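Step one of this worksheet: look at the structure below.
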Amino acid sequence: MQLPITQQTKNGIKVELDYMHPQEQEVVRALLNLVILEGKTYQQKQPLSPAEFAAYWLNQDAFVVRAVEPGTTHKPKDILGAFYLKPNFPGRCSHICNAGFIVQPAARGQGIGRLMGESMLAIAAQLGYEAVMFNLVFETNIPSINLWQTLGFEIIGRIPQAAKLADGQTVGALMMYRALS
C-alpha cells in the first residue's frame, strides 16, 4: 500500500491518510485526551502526559488522517483522525496486531473511521501481521462494533462489566478478531 492515501469524506472534504509526522504528535495527543475525557470508548481515566502518550501511541506505527487544502496534495490542515498499529502480544504471538482509533467529534460519521480501518487492514498485512485483535471494544460503542463487523471482524469473547464509563455506567467489552489471510 502506497501512502499517502487520498480520499474524499461524505461531506466533500479532501483527506489524506499517512504516517504521523513528529510535529503532529501533540495534536494527536490532545485529540486522544479529548476522547479519554469523553469517557465512552477508551480505558484510560485521565489525560495522558507526553511521556505516557509516547509509550502508549508511538511505540510502533502511528498514522493520521489530515484534511488537505483544495487543489494541493501537501498542504495539511486539521488532523481529523488517527490510529496506531502495534503487536498485540510479544514474542511468539507478535504476528497478531492491535490498533487504536480516534476521530475528531465534528468529523464523526463522515467515513474517517472506515478509511482508517480499511487502510489499517492493508497496512497490517503489508507489515507482515497475520491477524488483528481488539481487546476491549465497549459494548456501547455501536459505531465501532458495526464498522469492525462490516470489515470482517468476529466477536470472539465478551468481558462482562469491563468498563466504568465517565457517566457511571458499567458496560461489557467485546474482543474482536480478524485473520488477514
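Computed from the coordinates by the stated procedures, all read-outs in this text should not be read as laboratory data. Since the structure is predicted, the reported quantities are computational estimates derived from the model, not experimental observations. Ideal geometry is used to build each Cβ from the backbone, glycine not excepted, and the neighbour counts take in all protein chains shown.
Taken one residue at a time, the phi angles of region 55-65 give Karplus couplings (6.51, -1.76, 1.60, θ = phi - 60°) of 5, 7, 9, 10, 7, 8, 10, 10, 10, 9, 10 Hz. Gly and Pro are set to x.
Annotation: extensible slack from Glu118 through Tyr19 equals 34.1 nm (criterion: 0.36 nm per residue apart, minus Cα-Cα distance). What lysines does Lys77 reach when the alpha-carbon gap must be under 17 Å and sequence neighbours fewer than 8 apart in one chain are set aside? Output for Lys77: Lys14. Classify region 23-181 as rounded, prolate or oblate, taking a ≥ b ≥ c as the square roots of the eigenvalues of its Cα gyration tensor: rounded when a/c is under 1.5, otherwise prolate if a/b is larger than b/c and oblate if not. Note, shape of region 23-181 comes out rounded.
For region 1-41, trypsin sites (Lys or Arg not before Pro) meeting the loop criterion (DSSP other than H, G, I, E, B) and having at most 14 other Cβ atoms within 10 Å: Lys10. Any number yet on Rg/Rh for region 79-127, C-alpha, Kirkwood? That ratio is 1.06, to two decimals. Listed by chain and number, the aspartates and glutamates placed with their C-alpha closer than 15 angstrom to that of Lys164 are Glu38, Glu139; residues fewer than eight positions away on the same chain are left out. Largest GNM mean-square fluctuation across Ile142, Ile36, Ile123, computed for the chain with C-alpha springs under 10 Å, falls on Ile142.
Counting Lys and Arg as +1 and Asp and Glu as -1, each charge on the Cβ, what is the dipole of region 5-130 about the Cα centre in debye, to the nearest 20?
260
For region 135-181 versus region 1-15, the inter-centroid distance based on Cα atoms is 27 Å. Per residue, the average separation of C-alpha pairs within less than 8 Å and at least 6 apart gives the chain a relative contact order of 18 percent.
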